[in-house]
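A short write-up of the structure that comes next.
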């Protein structure tokens, strides 16, 4: 079996935002989808709107305007006050190749303020890199298996009923756990996806999944990631692929120059809706 982390390894002098990626192909929209007959009210009027492939949904978003509160203070796994008897999701979030940035912490706090319990392990053991090539060089030197193992180890003392969230590099432990650790409530994969076969077989039919990325991101749409995402959407019982207009990688991280505010608002709304549904 090919190492799913192999695409992240190699010569950092090759250029681009992630090392040793093949020459990026132009981003492209799915060809195997058809319009959804009755889109949810919250998704109507968004450019080309939602599309359905089999029993799952591919949504191509074009500039819809939504609002989402963003909070910056990180307070561990504390959760906001909840009505008595309410049940919220418990999530495990894995950061991208820059490390545990302020933007990832802000994302986690946004979920906490919505009432969810969030665990945020540091796969880089305190290191944060301004330059992504340097961050990925660290991951390569440490070993991608080691980085993934740090992520899976973070789940060992947590309940089985988790939602796994991964950003780019963090998709490796998130997707592995979602596919192989029994009890997963769901998965949210951002700007990366590997074939489900890399972790032993098809996507679990009882694990909902959302995959988000920009439609011209050379490291998602231009690589095999978007094809792996489409394959999961075609075969999984509850899978959604959201494509946003643009070519930025790590566009949801508010602390990075690649941040795109409007697309991030859409992501935040969809993430909260997903967590409310699978909690």
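Computed quantities for the displayed model
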| item | result |
| --- | --- |
| Cα gyration tensor shape of region 106-189, rounded if a/c is under 1.5, else prolate or oblate by comparing a/b with b/c | oblate |
| Coarse-grained scattering of region 179-273 at q = 0.20, 0.24 Å⁻¹, given as base-10 log I(q)/I(0) from a Debye sum over alpha-carbon atoms | -0.96, -1.23 |
| Sorted by Cβ neighbour density within 10 Å, fewest at the top, the residues 164, 138, 244, 124 | 138, 124, 244, 164 |
| Sequence of 267, 91 once ranked by neighbouring C-beta atoms within 10 Å, starting from the fewest | 267, 91 |
| Cα→Cβ-extended label distance, 7 Å offset, between residue 255 and residue 113, nm | 1.6 nm |
| Contour minus Cα-Cα distance for residue 130 and residue 206 (0.36 nm per residue) | 23.5 nm |
| Region 179-279: relative contact order in percent, alpha carbon pairs under 8 Å with at least 6 residues between | 26 percent |
| Footprinting exposure proxy for 136, 88 (fewest neighbouring C-beta atoms within 10 Å first) | 88, 136 |
| Inter-site label distance for residue 141 and residue 87 at 7 Å from Cα along Cβ, in nm | 4.6 nm |
| Whole-angstrom gap from region 227-279 to region 123-149, using each part's C-alpha centre | 23 Å |
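Only the coordinates and a few stated rules stand behind these numbers; no lab work does. These numbers come from a predicted model, not from an experiment. Cβ: placed from backbone, ideal geometry, glycine included. Neighbour counts: every protein chain shown.
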